[in-house]
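What follows is a set of notes on a single structure, which appears directly below.
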């Protein structure tokens, strides 16, 4: 992975970790509306804490934010341990599928959630950067 791609990867990983941490916090406490989006996210308590508590915010009872934190931890370990890029990209596939599904719901229901979108963009960026690096590595070997 080139230096510039690596910097972008780590920036996206940190951004995703911040978003997932705030969403996890929001599962149990109120997140201020300036972090989530006061205009459209009209759920309760002046913030989007209810959004992080919906049934869609958990996969099989586990908060999506907790799953994201685990994924980001695995990706960090994988990059630091020089795991093959294709393995790291494969780890991201479920997160990208959830990103597409949850992003579509946000758009369809007219909800604004800055934290959610930060996490979704981070997932997409991480996946795209890993796929690009994998493709570049494959071309370089051939």
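Residue exposure proxy: 105, 93, ordered by other Cβ atoms within 10 angstrom of their Cβ from fewest to most, comes out as 93, 105. Counting 0.36 nm for each residue step from residue 53 to residue 70 and taking away their Cα separation leaves a gain of 4.2 nm. Which residues in the range 89-129 have a backbone N closer than 19 Å to a point placed 7 Å from the Cα of residue 2 along the Cα-to-Cβ line? The answer is 125-129, whose backbone nitrogens lie closer than 19 Å to the label point. Extension gain, residue 82 to residue 97, is 2.9 nm, computed as 0.36 nm per intervening residue step minus the present C-alpha separation.
Ellipsoid fit via the Cα gyration tensor, the chain: semi-axes of 30, 14, 13 Å, each the root of five times an eigenvalue, largest first.
If the elastic network links every pair of Cα atoms under 10 Å, which of 87, 107, 126 fluctuates the most in the Gaussian network model of the chain? Result for the chain, Cα springs under 10 Å: 107 fluctuates most.
Sorted ascending by nearby beta carbons within 10 Å, beginning with the fewest, 121, 3 become 3, 121. Each helix, a run of at least 4 DSSP H residues, gives -39500 (n - 2.57); summed and divided by the residues of the chain, these come to -24000 deg cm²/dmol at 222 nm. Computed extension gain for residue 60 through residue 128, at 0.36 nm per residue and net of the alpha carbon distance, reaches 21.8 nm.
The numbers here are math on the coordinates, done by the rules we state, and not lab data. The model shown is predicted, which means the values in this text are computed figures rather than measured ones. Cβ atoms come from the backbone with ideal geometry, glycine included; neighbour counts cover every protein chain shown.
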